[in-house]
Amino acid sequence: MKKNSTIIPMPFRYLINIVLFATFLFVMNSLITSGAISKYYAGVISFIGINIILAVSLNVATGYLGQLPLGHAGFMAVGAYTSALIMKAAAGAGIAFPFALIAAGLVAALFGLLIGMPALRLKGDYLAILTLGFGEIIRVILLNIDNVLGFKFTNGAAGLQKIPKTTTFLITFIFVGITCFVIHTMMKSRHGRAILSIRENEIAAESCGINTTYYKTLGFVVSAFFAGIAGGLYAGNIGILNPSAFGFMKSIEILVMVVLGGMGSMFGSVFSATVLTALPEMLRSFASYRMVAYSLVLVIVMIFKPSGLMGTYDFSLNGLLDKLILKIKGNSDSGGGKALSGKKEGNANE
Amino acid sequence: MSKFQRTPVKLVPVPSPNIIPERDVNKTPILEVAHLGIDFGGLTAVDDFNMAIGRTEIAGLIGPNGAGKTTVFNLLTKVYHPSRGTIMLDGRDTAGLNTIQVNKLGIARTFQNIRLFKDLTVSENVLIGLHNEMDYHLPGAVFRLPGYWKAEKIARNRALELLSIFDMQDLADSKAGSLPYGAQRRLEIVRALGTNPSLLLLDEPAAGMNPSETTELMENIQKIRDTFQIAIMLIEHDMSLVMGICEGICVLNYGKVIAKGSPEDIQSNPQVIEAYLGKKKEGN
């Protein structure tokens, strides 16, 4: 790791990723705005982006922290309703959307803190049950709070309607980039290592002077923050919010993405979120068989690669370039040839 | 960074002539334990345990299986909270502190059953030990501010320096779980040293090692004491190691101290012999 990192100097390592990611954004965006990619596919691509954020954020709590929360959809719901209410209040002014998303993230993070502090005293199955309960509580509250408050707030089972559809491809994938960047840089620091050490061995982590309570909560809060942002994007994408969209099955769906991609691999989460969102859409013509095919994929992967498609492997464009340069030795002109693979994954590896 | 300046880098660059530690074994104790005891329900695991360890002393804690040796370590590191007694580290009472705070005060330990971060690399393991030696905040890490680069660079060099004690710097990038057993035990010691302790607790450091590895370990334990000028307390069943390097030995049996003293005193102590070998039957 030390030897490789000197091949491409540090600022360039970021630059390569940023440039590739910006190119990817620009190309895709102009394809969508020019109509070369149909509205339907643009919608699917936005959903891919949202699911990438959800999977990557859940990966912090499951893959890196080693806990098993089953209430991720709860955080998503909190973020979705926060963002939707702000955007309705702002009367659809598109400029307010990024701020609404940040607010959505912060409110979700607050909920993450509230639920995380008692929940993280528990381990394994017990934590799973508690967070599962939390997810359901959120859903039931969203369903019934209007009756308690006495005025229209979340609009109960009818759901929030006419939410300004402000989610575009561009804003979704900018937030995908931000999510991956923040989580990546966090994990490659002393804070990230502390989170990993809890997954590896909590007792040893404590004996190394690591404040395990703090870092567990941090991992949980970061996970909830980005789930909230994804929720906000979801609200702006679909235009209608209904509590039933954030049930237990949604949490499971996100968990499946993480497990299938490989717990602890950000690239795996990005990859499997993409595949698992696109797959049901692609199989739509098979109608009733598509869920069978979907389940079959899960069963087959779990039998033949229980650690997930990527295991804990994390793709690094720079690492790949380093290896290439080492092979060619001298002529580093080969960067362009790898742009193809970097296009999709560039965001995962800043 | 301020933390780096405050705690001077005590490690002498390798290769170095061994420094002769000042023998202040009995003058200023780093650890003073008085009347320490713990009950698990009705069972008294450790009772009336008294011990003082000098600032640069290598002390041994021995006893038959189930005597309560590891329990004493767990009490010192606050994995268990003592029912009775006081633990003074460097003149400060550790009552009410938890494992993390005790580690920050200066007690580091290794484990009888190795507890490495197996899926992480060797250098990452040591860097986790160096966690509290770095002090950049989360935003500094996320946005890669200058403080991050500086602290990480110092820590990485420090990690390699610590690994070089056991000639492990070439293994820095391999997975901790893939190391041979002996190397895993050594890595645990390096990780513990990363937390900058003044007292190092080693729980059976030679377990599973062959005689030549044990000899090497003995030299290394002394080398660590000499270069870092710290106290080391070890639990060990390998008597050649204990008698070879310990300056003071404490023998536990059924949670009680049955003998204390120099290796020579312990070897000839009838109570110790009885605890290990049993009593001679009358009329035999």
Paramagnetic reach from B:THR28 (point 7 Å along Cα→Cβ, amide N under 18 Å) across segment B:194-229: B:197-200, B:225-229
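Restricting to Cα pairs below 8 Å that are 6+ residues apart, what does the relative contact order work out to for segment B:55-185? Please round to a whole percent. Don't skip to the end; give the middle numbers.
Working: 92 pairs, mean separation 29.8, N = 131.
Answer for segment B:55-185 is 23 percent.
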With R₀ set to 25 angstrom, the calculated FRET efficiency between the beta-carbons of A:LYS123 and A:SER307, to the nearest 0.05, is 0.70
Estimate the FRET efficiency between A:VAL292 and A:ILE252 by the formula 1/(1 + (r/R0)^6), using the beta-carbon distance for r and 25 Å for R0, to the nearest 0.05. 0.90
With springs only between Cα atoms under 10 Å apart, run a GNM on chain B and tell me which of B:VAL79, B:VAL190, B:VAL251 wobbles the most. B:VAL79
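Using only the C-alpha atoms of chain B, find the volume of their convex hull and express it per residue in Å³.
Given the Cα convex hull of chain B, per-residue volume reads 156 Å³.
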Cα-based Rg then Dmax for segment B:108-196, in Å, read 13.2, 40
To the nearest 20 debye, what charge dipole does segment A:40-176 have about its Cα centre, counting +1 at the Cβ of each Lys and Arg and -1 at the Cβ of each Asp and Glu? 180 debye
Test of understanding: ordering A:MET266, A:MET10 by Cβ neighbours within 10 Å, fewest first, what list do you get? A:MET10, A:MET266
Just going by the charge dipole of chain A, with Lys and Arg at +1 and Asp and Glu at -1 on Cβ, which of A:ILE198, A:LEU122, A:PRO69 is farthest out on the positive end? A:ILE198
Set Lys and Arg Cβ to +1 and Asp and Glu Cβ to -1, take the dipole of segment B:108-196 about its Cα centre, and tell me which of B:ALA151, B:PHE111, B:ALA141 lies farthest positive. B:PHE111
Defining a contact as two alpha carbons under 8 Å apart and six or more residues distant in sequence, what relative contact order in percent does segment A:38-314 show? 35 percent
Most mobile listed residue (A:PHE304, A:PHE246, A:PHE226) in chain A, GNM with C-alpha springs under 10 Å: A:PHE304
Taking Cα pairs closer than 8 Å and at least 6 residues apart, the relative contact order of segment A:140-208 in percent is 14 percent
Starting with the fewest neighbours, write out A:THR166, B:THR70, A:THR33 ranked by other beta-carbon atoms found within 10 Å of each beta-carbon. A:THR33, B:THR70, A:THR166
Sorting A:PRO243, A:SER30, B:LEU187 by the position of each Cα along the dipole of the protein assembly as shown (Lys, Arg +1; Asp, Glu -1; all at Cβ), the one nearest the positive end of that ordering is A:SER30
Arranged by the count of other C-beta atoms within 10 angstrom, fewest first, what order do A:THR213, A:THR168, A:THR154 take? A:THR213, A:THR168, A:THR154
Run through every distinct alpha carbon pair of chain A and return the Kirkwood hydrodynamic radius in angstroms, one decimal place. 21.0 Å
Please state the shape class of segment A:87-221: rounded when a/c is under 1.5, otherwise prolate if a/b exceeds b/c and oblate if not, all from the C-alpha gyration tensor. oblate
Would you work out the charge dipole size for chain B about its Cα centre, treating the Cβ of every Lys and Arg as +1 and the Cβ of every Asp and Glu as -1, and quote it to the nearest 20 debye? 700 debye
To two decimal places, what compactness ratio does segment B:159-202 give when its Cα radius of gyration is scaled by 2.2 N^0.38 Å? 1.11
Given a Förster distance of 25 Å, the FRET efficiency implied by the Cβ-Cβ spacing of B:LYS175 and B:LYS104, rounded to the nearest 0.05, works out to 0.35
Difference of contour (0.36 nm per residue) and Cα-Cα distance, A:PHE12 to A:LEU283: 93.5 nm
Considering the convex hull of the alpha carbon atoms of the protein assembly as shown, report its projected area averaged over all viewing directions, in nm², one decimal. 36.1 nm²
Cβ charges +1 (Lys, Arg) and -1 (Asp, Glu), total dipole of chain A, debye: 500 debye
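A short reminder: the numbers here are calculations on the coordinates, not readings from a lab. Since we're looking at a predicted model, the values are computed, not measured. Methodologically, a virtual Cβ is constructed for each residue, glycine included, from the backbone with ideal geometry; neighbour enumeration extends over all protein chains shown.
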